[in-house]
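Input: a single structure, listed below in structure tokens.
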Amino acid sequence: MRVTKYFETFMRKNKNADEHWCTYMFFVVLRLVLVFIPQLGYVHPDEFFQSTEIFIGEHFQLEHIRSWEFNSTFPLRSVAVSLITLKIPLNLLEIIAVNLRGFFGIDIICSYTYLVFPRLVMCILSFVNDWSLYKVCQLYSLRYEIRLLALGSSHVMLIFGTRTFSNSIEMAISSVLLYLVAECMIHSNTVIYKKEFLEERYEKADSIGERVKIWKLKNALPPHNYNRLLLMSTLCVAGVFNRPTFLLFGAPMVFYWMLRGMGTKSVSFKHFNLRMALFCLSAVPATLLFTIIDSFYYKYLTMGELHMVQIGINNFVFTPWNFIKYNIDPTKTAQHGLHPRYIHLLVNIPLLYNILGVIALVAFGQQMLRFFKAEYQGLPRAQSIVGLMSAAIFAPVFFMSLINHQEARFLIPFTFPIVLLHSPKLVTGFCTSYPFKEEHPFLRFVYEKFLCSRASARYLLKTWYTLNIALVIFFGFIHQSGVFPLAQHFETSMQTKAPNENLHLITSHVYSFPLSFVNIPSSGLVRVNRHTGQKYRHRKDFYLYEYGSTDLSKLILKLKIILNHCETKQQTQKLKYRLYLAIPASLTDQLHEVAYKSNMTSIDYELIKVFYPHLSTEALPNPFGRHPCDLNTPIDDLKGTCQVPASFQAKDDFLSMAYLSRQFSAFAHQFGLALYKFEIKHNKRIY
């Protein structure tokens, strides 16, 4: 009977494992598919302006916006890691593009490629996290199917893992480093155990022959003290140069690597100090290499100075130190937004990891409670894999919470340890046994209804899927998702416009516009005609004006000034122009109202296109906004238009299906990015 029950349990576990593995493979395919669709959602300006906007613009010699962090006078960002993750792949892309153009006449260099190709590189890099998780599970005989499933289905991997954030690279480096530390820990424990066992056998041996045999076995044991030393130190240097916050993520891992075997007969505090010293020395070559790369890029160091051996300390720039100096100043970080200290712990972790984030916080709170109650036997061992993963989560959270500017994406490097520790609870439930010491009716009710395996296992995995799908849809396809189609629209417009025509684009209440996606040759570079040898520059014919969340009344004043300037240049230099304004569709009502009040009788404007879907949190849709039939209302006829039909004026009719459907349609159509064209009526000037 027992054998039959065991066999049934074994078969059920294997069936679940196969299901989890197949579902994980589905999410692997989905991760790749979401890159090529592509996701039009725009998570944060840093995904472009700290990576693709700079390197695509420079590589393909396009008009682009160089963010302040890449200012040569005080550079905060290193380019060393980006050369590997972006520059080298872009060279490969260019070779492929040249051959396709030459042999097949196909031109793949366009805005779609600029968006998708870097994300494809990041997507491939993201599988480093999956590989590291699988290897650690194998090392410690853990169930890898459910852990890989949780990792693959997380919106952190599907969205953030495939975006060109420095945080995504930081996550990959952290995962590899955790795997290396975990491998070194189990290797050291195995070698130390065998060594101490052989030493005991050696002391108890009765004959010289047996002692010689044991001595040979002891000397045949592999070394373990400095395993992976050079690789780990190089990874740490790469992580710090990529993003100096890696110091906070890498420190617990390196500490555990140095702590291996402490407290045994074989490893003493002297070994800990020696490991630390050698680790620092091993990091010197990579530090020098990355510093030299940055110094050449920012023109602090030139080949001429190198050839003449005219090199001093001022010829080198150490970007991580500049980054740290900037971010330890609260007044400077406050310019990017102030957040309470608890945001990371109570908001960002649940936002990123939903159910797993809550489970991790509860587990950490339980450990802290046991610690303060001196129940040390219930805590994980200091040198265990659970101790390593717990430290890799909460040590960085503590120190990062001391910084007054906090964003959720800063925390994605500890995706690996959260998934490894807590993802099995998505199928087993919160608790397999009663977790409270005291027997209380309320605690027993909470356990039976919410925490026990039978109660919680039914809904945890479903809730995990539901929340992650919702976040993928929001960040991947709705949030600021009209910006890239807007860039594609102007890419086409620039190719079809007249030679003596300038295009002007004003944006407001949207994220920064990635100029490189418009695919315009740079006007700042001197080029040489291959046939005549004559030097020339491309004329600047696209102008971008970004006004953030400027009040619309002030925006209209700025628009009038730009329009007047364009009109003047058209009359004096015969330069035609087209002036556009891009704002969220939710501001359409307000735009018409402000335009009417500002007496723009000499200006015509019309709605050219609305890019759906698009949601700007800076201008949320109004449930009581006007219907889209009135989006293109002329100013002269603005007053009194788009009123509620007479059939809806009665109080009872406001709850009719016709009125409700009309209002729902009006609300839904506000999830767009509206593009307006402005021009002077009959060549009148504005004063």
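The values are calculated or read from the model by the stated rules, or taken from the named source; none is laboratory data. If you're wondering where the values come from, they're calculated on a predicted model, not measured in any experiment. Neighbour counts are summed over all protein chains in view; Cβ atoms, including those assigned to glycine, are modelled from backbone coordinates with ideal geometry.
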In the stretch 43-68, anything more than 16 Å from Arg409 (Cβ to Cβ), under 19 Å from the mean Cα position of the chain (by Cα) and not polar (S, T, N, Q) is listed as Glu53, Ile54, Phe55, Ile56
Is it the case that the stretch 189-198 has a residue that's in contact with a strand residue (DSSP E or B) (Cβ under 8 Å, 6 or more places away or on another chain) and either in contact (Cβ under 8 Å) with a residue 24 or more places away in the chain or charged (D, E, K, R) (or both)?
yes
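Determine, yes or no, whether Ser508 is surrounded by fewer than 16 Cβ atoms within 10 Å (Cβ to Cβ) and under 24 Å from Pro45 (Cα atoms).
Taking the combined requirement at face value, the residue does not satisfy it.
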Being among the β-branched types (Val, Ile, Thr) and within 28 Å of Thr264 (Cα to Cα) narrows Val237, Val176, Val128, Val156 down to just Val176
When the stretch 236-281 is examined, which residues are found to be part of a loop (DSSP other than H, G, I, E, B) and among the charged types (D, E, K, R)?
Arg243, Arg260, Lys265
Which condition number in (1) under 16 Å from Gly672 (Cα atoms); (2) among the β-branched types (Val, Ile, Thr); (3) modelled with pLDDT under 90 is the one that Ile608 fails?
(3)
Cβ contacts < 6 Å: first residue more than 28 Å from Phe664 (Cα to Cα), restricted to the stretch 583-605; second residue surrounded by fewer than 22 Cβ atoms within 10 Å (Cβ to Cβ) and of a type in the set (Lys, Arg), any location; separation 6+ or different chain. Result?
Ser602/Lys681; Ser602/Lys684; Asp604/Lys681
Within the stretch 355-379, the residues that are closer than 30 Å to Ile469 by Cβ and not polar (S, T, N, Q) are Ile355, Leu356, Gly357, Val358, Ile359, Ala360, Leu361, Val362, Ala363, Phe364, Gly365
Leu555 fails exactly one of (1) within 31 Å of the chain's Cα centre (by Cα); (2) hydrophobic (A, V, I, L, M, F, W, C); (3) surrounded by 20 or more Cβ atoms within 10 Å (Cβ to Cβ), namely (1)
Condition met for Leu388 (in a helix (DSSP H, G or I), surrounded by 16 or more Cβ atoms within 10 Å (Cβ to Cβ), at negative phi and within 31 Å of the chain's Cα centre (by Cα)):
yes
For the stretch 48-96, name all the residues that are of a type in the set (A, V, I, L, M) and not in a helix (DSSP H, G or I).
Leu62, Ile65, Leu76, Val79
Answer yes if at least one residue in the stretch 353-360 is of a type in the set (A, V, I, L, M, F, W, C), assigned to a helix (DSSP H, G or I) and surrounded by fewer than 19 Cβ atoms within 10 Å (Cβ to Cβ), and no otherwise.
yes
Any residue that is part of a helix (DSSP H, G or I), of a type in the set (Lys, Arg) and closer than 19 Å to Thr164 by Cβ - is there at least one of those in the stretch 97-115?
no
Taking the stretch 597-611 as the search range and keeping residues that are outside any loop (DSSP other than H, G, I, E, B) and β-branched (Val, Ile, Thr), which one is surrounded by the fewest Cβ atoms within 10 Å (Cβ to Cβ)?
Ile608
Looking at the stretch 485-541 only, could you name the residues that are assigned to a loop (DSSP other than H, G, I, E, B), hydroxyl-bearing (Ser, Thr, Tyr) and in contact (Cβ under 8 Å) with a residue 24 or more places away in the chain?
Ser508, Tyr511, Ser512, Ser522, Ser523
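Considering Ile146, Ile95, Ile108, which residue is crowded, with 23+ Cβ neighbours inside 10 Å, over 23 Å from the mean Cα position of the chain (by Cα) and at pLDDT below 95? Can you show your working first?
Numbers: Ile95 fails: crowded, with 23+ Cβ neighbours inside 10 Å; Ile108 fails: crowded, with 23+ Cβ neighbours inside 10 Å.
After ruling out the rest, the residue left standing is Ile146.
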